[in-house]
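A short write-up of the structure that comes next.
The values are calculated or read from the model by the stated rules, or taken from the named source; none is laboratory data. All values reported here derive from a predicted model rather than from experimental measurement. Quick reminder, even Gly has a Cβ in these numbers, built from the backbone with ideal geometry, and neighbours come from all protein chains shown.
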Amino acid sequence: MAVVTINPRIWFAQYHLSADHSRCEVASGHEPEDGTVFTHTAKAVRGTLPFVELKGSGFVDFASGGVHQVLKGNVNVANVPVTIGMEGATVDTRATLFLARLLQYRTPGVVGKLLPFEYDAKGQGTPAVDGYLFGLGSKTATANGTAIQLGTLDAGETMYAALHVISASGTSPTLDVVIASDNAEGFPSGVTRITFAQKTAAGSEWTSLAGAVATDDWWRAQWTIGGTDTPTFDIVVAVGIAPNP
């Protein structure tokens, strides 16, 4: 069934940049290398290491904390967690996640036109991971996220997880996020598999878990919130499994 692209979401480190974009392109594949030998009658190209690339464009906002400041300030910063929600911002919808390095940022102005921006970001040692959004939105209390039947994590596979903390408020707020698994949707005997570092302010983190977890096919995010004066965190959690190269 065809999917209409109306409101994809773009989370880059601790920033939500969707409202500034009018175009987003994620490309993935394998770097080609010529493997032609004397016995071949035509060129033989082989795919080598996997790659992922993000290209985006939209309209410049020069405000403090706006897209121009964010992207220009992150040029050549390594290992930035990126999550693309191509179906919008709903838990248990598909997402692409990876680590990126923003290599180019451009503002090609034309007289009388809205000032656009364009950028290219390349993967940093990770593939383009097909996953799902496990948690997002404003969180004010300790809770368990929706259980998602992502499947077992087999030998020869790696689970990748991205956490984006867009904002934090309250007095001495703390956020602890884990990814847990179980063999049943109700999580009668859930086991913590991934633990993010505690967050007290806006930030992001990328982590991974090597297979195998052969008995569990249900997964969920869980968060614990501490602090006073209504501690609140705006978060995005994305998780996916990919085969090892």
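Return the only residue of Gly170, Gly240, Gly227 being buried (at least 16 other Cβ atoms within 10 Å of the Cβ), of a type outside the set (A, V, I, L, M, F, W, C), part of a strand (DSSP E or B) and without any contact (Cβ under 8 Å) to a residue 60 or more places away in the chain.
Step by step, each of Gly170, Gly240, Gly227 is checked, and only Gly227 is buried (at least 16 other Cβ atoms within 10 Å of the Cβ), of a type outside the set (A, V, I, L, M, F, W, C), part of a strand (DSSP E or B) and without any contact (Cβ under 8 Å) to a residue 60 or more places away in the chain.
Conditions (1) under 25 Å from Pro108 (Cβ atoms); (2) at pLDDT 90 or above, marked per residue:
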residue: Cys24; (1), (2): yes, no
residue: Phe38; (1), (2): no, no
residue: Gly47; (1), (2): no, no
residue: Gly56; (1), (2): yes, yes
residue: Phe62; (1), (2): yes, yes
residue: Val75; (1), (2): yes, yes
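Return the only residue of Leu97, Leu150, Leu114 being part of a loop (DSSP other than H, G, I, E, B), under 18 Å from the mean Cα position of the chain (by Cα) and in contact (Cβ under 8 Å) with a residue 40 or more places away in the chain.
Leu150
I'm checking my understanding of the structure. Among residues of segment 16-39 that are touching a Ser or Thr at 6+ places or on another chain (Cβ under 9 Å) and of a type in the set (Ser, Thr, Tyr), which one is farthest from Pro116 (Cα to Cα)?
Only one residue tops the list, namely Ser28.
From the list Val37, Val70, pick out the single residue that is touching a residue at least 12 places away in the same chain (Cβ under 8 Å) and of a type in the set (A, V, I, L, M, F, W, C).
Val70
Residue check: is Ala184 over 19 Å from Thr224 (Cβ atoms) and at pLDDT 95 or above?
yes
Assuming Gln69 fulfils every condition listed in (1) more than 20 Å from the chain's Cα centre (by Cα); (2) of a type outside the set (Ser, Thr, Tyr); (3) surrounded by fewer than 16 Cβ atoms within 10 Å (Cβ to Cβ); (4) assigned to a loop (DSSP other than H, G, I, E, B) apart from one, which condition is it?
Among (1) more than 20 Å from the chain's Cα centre (by Cα); (2) of a type outside the set (Ser, Thr, Tyr); (3) surrounded by fewer than 16 Cβ atoms within 10 Å (Cβ to Cβ); (4) assigned to a loop (DSSP other than H, G, I, E, B), Gln69 violates only (4).
Can you find a residue in segment 80-87 that is free of Cβ contacts under 8 Å to residues at least 60 places away in the same chain and surrounded by fewer than 18 Cβ atoms within 10 Å (Cβ to Cβ)?
No, there is no match, as no residue in segment 80-87 is free of Cβ contacts under 8 Å to residues at least 60 places away in the same chain and surrounded by fewer than 18 Cβ atoms within 10 Å (Cβ to Cβ).
Sort out which residues of segment 191-223 are more than 21 Å from the chain's Cα centre (by Cα) and among the β-branched types (Val, Ile, Thr), and write them in order of number.
Val191, Val213, Thr215
Right, Ala121: within 17 Å of Ala242 (Cβ to Cβ) and either in a strand (DSSP E or B) or over 22 Å from the mean Cα position of the chain (by Cα) (or both) or not?
Judged against the criteria, Ala121 is not a match.
When you go through Asp216, Asp234 one by one, which is the residue that is among the acidic types (Asp, Glu), within 24 Å of Arg94 (Cβ to Cβ) and either assigned to a loop (DSSP other than H, G, I, E, B) or free of Cβ contacts under 8 Å to residues at least 40 places away in the same chain (or both)?
Of the residues listed, the single one that is among the acidic types (Asp, Glu), within 24 Å of Arg94 (Cβ to Cβ) and either assigned to a loop (DSSP other than H, G, I, E, B) or free of Cβ contacts under 8 Å to residues at least 40 places away in the same chain (or both) is Asp216.
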